[in-house]
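A.B. asks: Before we start, here is the structure in question, set down as structure tokens.
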Amino acid sequence: MAELKRNTTSKIGMRVLYFAIAALCVCLDQGSKFLALHHLPLGKARPFIPGFLEFLRIENRGAAFGVLQGQMFFFFVITAVILLLILYVLHRLPAERRYLLLVANLAFLTGGALGNLWDRLTRGSVVDFLSFIPISFPVFNVADIFVTGSAFAFVLLFCFYYKEEEFTFLR
């Protein structure tokens, strides 16, 4: 019985963790974009780490690499579908400590998605301001880091930590 107690957590605790991390991610993203909007001129690069990283504020009406320019309805729909899927997984997820990494990862994905969605809803475009110089990489923002980082973490978690049979609860 003591072993079972050590490996479980509460559903409420998992949800608090999820919403706290997601809210923190949105705040960090929106705070960084506020600073970019008020301190970086549009389209003018400012070196941060010379030859490696610079600040370059742009207004992105599409996705990475400028694809799907102006397709706001698509972004709204795909974000809503992803967020509903995340909420479904959270609802069905067993209250076990083993899944706390998954909960945190879902929260980072949610925070990033909501940060960029907020920009699209309030500005009609996403504020991007980080430019990685060594390779031809799209200008990005903090929300993009959360989304990309969580996608990479999902791959690692599902390849090395979780097993497929652990997710029968989703069926």
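The values are calculated or read from the model by the stated rules, or taken from the named source; none is laboratory data. What you see is a predicted model, and the numbers here were worked out from it, not measured in a lab. As a convention, Cβ positions derive from the backbone with ideal geometry for all residues, glycine included, and neighbour counts pool all protein chains shown. Side chains are part of the model used for accessible areas, which takes the heavy atoms of the whole protein and leaves out ligands, DNA and RNA. Shrake-Rupley method; radii C 1.70, N 1.55, O 1.52, S 1.80 Å.
A.B. asks: Which residues, taken from region 91-106, are open to solvent by 20 Å² or more (accessible area, probe 1.4 Å) and over 20 Å from Thr148 (Cβ atoms)?
C.D. replies: His91, Arg92, Pro94, Ala95, Glu96, Arg97, Arg98, Leu100
A.B. asks: Could you identify the single residue in Gly62, Gly43 that is farther than 21 Å from Phe146 by Cα and either more than 23 Å from the chain's Cα centre (by Cα) or free of Cβ contacts under 8 Å to residues at least 40 places away in the same chain (or both)?
C.D. replies: Gly43
A.B. asks: Let me ask something else. Can Ala80 be described as within 20 Å of Leu37 (Cα to Cα), part of a helix (DSSP H, G or I) and open to solvent by less than 50 Å² (accessible area, probe 1.4 Å)?
C.D. replies: no
A.B. asks: Would you be able to tell me the number of residues in region 138-165 that are part of a loop (DSSP other than H, G, I, E, B) and loosely packed, with under 14 Cβ neighbours inside 10 Å?
C.D. replies: 2
A.B. asks: Right, here's the next one. Given (1) assigned to a helix (DSSP H, G or I); (2) surrounded by fewer than 23 Cβ atoms within 10 Å (Cβ to Cβ), identify the lone condition not met by Ile135.
C.D. replies: (1)
A.B. asks: Which of the numbered conditions does Tyr88 fail, given that it passes all the others? Conditions: (1) within 19 Å of the chain's Cα centre (by Cα); (2) surrounded by 13 or more Cβ atoms within 10 Å (Cβ to Cβ); (3) within 20 Å of Ala153 (Cα to Cα).
C.D. replies: (2)
A.B. asks: Take region 29-54 and flag every residue that is buried (at least 17 other Cβ atoms within 10 Å of the Cβ) and part of a helix (DSSP H, G or I).
C.D. replies: Those that are buried (at least 17 other Cβ atoms within 10 Å of the Cβ) and part of a helix (DSSP H, G or I): Asp29, Gln30, Ser32, Lys33, Ala36.
A.B. asks: Determine whether Ile135 is modelled with pLDDT under 95 and of a type in the set (A, V, I, L, M).
C.D. replies: Yes.
A.B. asks: If Thr9 passes every condition in (1) surrounded by fewer than 14 Cβ atoms within 10 Å (Cβ to Cβ); (2) touching a strand residue (DSSP E or B) at 6+ places or on another chain (Cβ under 8 Å) but one, which one does it miss?
C.D. replies: So Thr9 meets the others, but not (1).
A.B. asks: With in contact with a Lys or Arg (Cβ under 7 Å, 6 or more places away or on another chain) and more than 30 Å from Glu165 (Cβ to Cβ) as the only criterion, which of Phe73, Phe55, Phe34 stands out?
C.D. replies: Result: Phe55 is the single residue among Phe73, Phe55, Phe34 that is in contact with a Lys or Arg (Cβ under 7 Å, 6 or more places away or on another chain) and more than 30 Å from Glu165 (Cβ to Cβ).
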